[in-house]
1. Please state the equivalent ellipsoid semi-axes for the chain: what are the square roots of 5 times the Cα gyration tensor eigenvalues, largest first, in whole Å?
2. Return the percentage of antiparallel bridges among DSSP beta bridges fully within the range 110-310, rounded to the nearest 5 %.
3. Evaluate the distance, in nm, between pseudo-label points positioned 7 Å from the Cα of residue 93 and of residue 58 along their respective Cα→Cβ axes.
4. Run the numbers for residue 345 and residue 3: contour at 0.36 nm per residue of separation, minus the present Cα-Cα distance, in nm.
5. For a protection proxy built on the mean count of beta-carbon atoms within 10 angstrom, sort 374-382, 140-148, 106-114 highest first, please.
6. Evaluate the distance, in nm, between pseudo-label points positioned 7 Å from the Cα of residue 139 and of residue 161 along their respective Cα→Cβ axes.
7. Nearest 500 deg cm²/dmol is fine: what mean residue ellipticity at 222 nm does the chain get from its DSSP H runs of n ≥ 4 alone, each adding -39,500 (n - 2.57), divided by its residue count?
8. For residue 394 and residue 80, compute 0.36 nm times the residue count separating them, minus their Cα-Cα distance, and round to one decimal in nm.
């Protein structure tokens, strides 16, 4: 369907980070936007304020009449929605044009110069950092992000005059295969979503296929050491990056006093004394990828330097809710063992002499089944662990798969408390006087308790 012929867009699962960004795009284009989501949220409330019509019951009768003409209505759904969803079934039976979020995103961006960031982890922070750099250029940029950028308070940036669009390329359900990147970075390819891919080899192959979609004249910027093998079209340039080695890398790294500085080494021109606005060691790698793409896109040294220094991070990505001389509370979206390990090491680097307590809500039964030992190894880097029940998202329970699998495999000497998510605040309240550094980990819904936990920690 030609987007210019669309009058109405209906979203099934409108409240997701990625879906809400596209909904905002169509609102900015003057389209009628409506949709369903399971529960109200800050994102859905904001969309309603901007003109979207949203309901929270699975009910065909609540679909607005303006979205019931198939000739000029596009239906967009997220893969997290079950195939038997009443509204999705009705649209299918009526013969509507139905697309996944990624398909729509691919259509929107095909006429632009798409700057994409893919990878198992690091893609949200890196793409948001890149969007901030590109938006600091005179022409600005468009951006569809996987998290709320703190600099803007949104996951979506619109520029009427920019040819650039920054995309977080999501590998879930092979969604990124709908994109046509001009330049893309790949941050990591640690196997994930094995409920979808089945094997590590299939997961890596999906990234190889993704690299074949890069437009001739464009470029791939790939982290050194990845198992994935690029499969590039003729005319696509290949660059590597890393913390210490690669075409783009860091030199003269200085960490201390709550700050991180380094020199950016680049075949397009070095930039001295980069200061990380969010001083975490993993952001050295993330910023190198973002700066590489920005530089390849024409960003000047001073723009890059100022942009990295002024970057304020992403909600739920190593997000400080409380920070004082003697204690801190951090929320981190980390939900893969490698992400949790990196989070633990970063916190330990910042607070080497403090006791660190982690609250972790496992995300998905299949991910817990596939990686419970790796989760246990990563969580064992903390001094104390609180484990909640598994957040199921799109899945039904799997017999024998519970948080106990992780608890049973923690290293000896690491204390662990198993609880329901509704018991977390009571546990924090009981232990508050003994907690020095607290980190809440996971991609589920436990973050909704963050404000209450913050208040407890302040008292």
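Since every read-out is calculated from the coordinates, none of them should be taken as a lab result. As the structure is a prediction and not an experimental result, all values here were calculated from the model. All Cβ positions, glycine included, derive from the backbone under ideal geometry; neighbour counts span all protein chains shown.
1. Working: eigenvalues 219, 178, 88 Å².
Square roots of five times the eigenvalues give 33, 30, 21 Å.
2. Details: 12 of 35 bridges.
Counting only bridges with both partners in the range 110-310, antiparallel ones make up about 35 percent.
3. Result for the modelled spin labels: 1.4 nm.
4. Working it through step by step, the gained length comes to 118.5 nm.
5. Numbers: 374-382: 21.9, 140-148: 23.7, 106-114: 18.1.
Descending mean neighbour count gives 140-148, 374-382, 106-114.
6. About 1.1 nm separates the two model spin labels.
7. Numbers: 14 runs with 142 residues, N = 459.
So the helix-based figure for the chain works out to -9000 deg cm²/dmol.
8. On the way: separation 314, 0.36 × 314 = 113.04 nm, distance 0.57 nm.
Length gained, residue 394 through residue 80: 112.5 nm.
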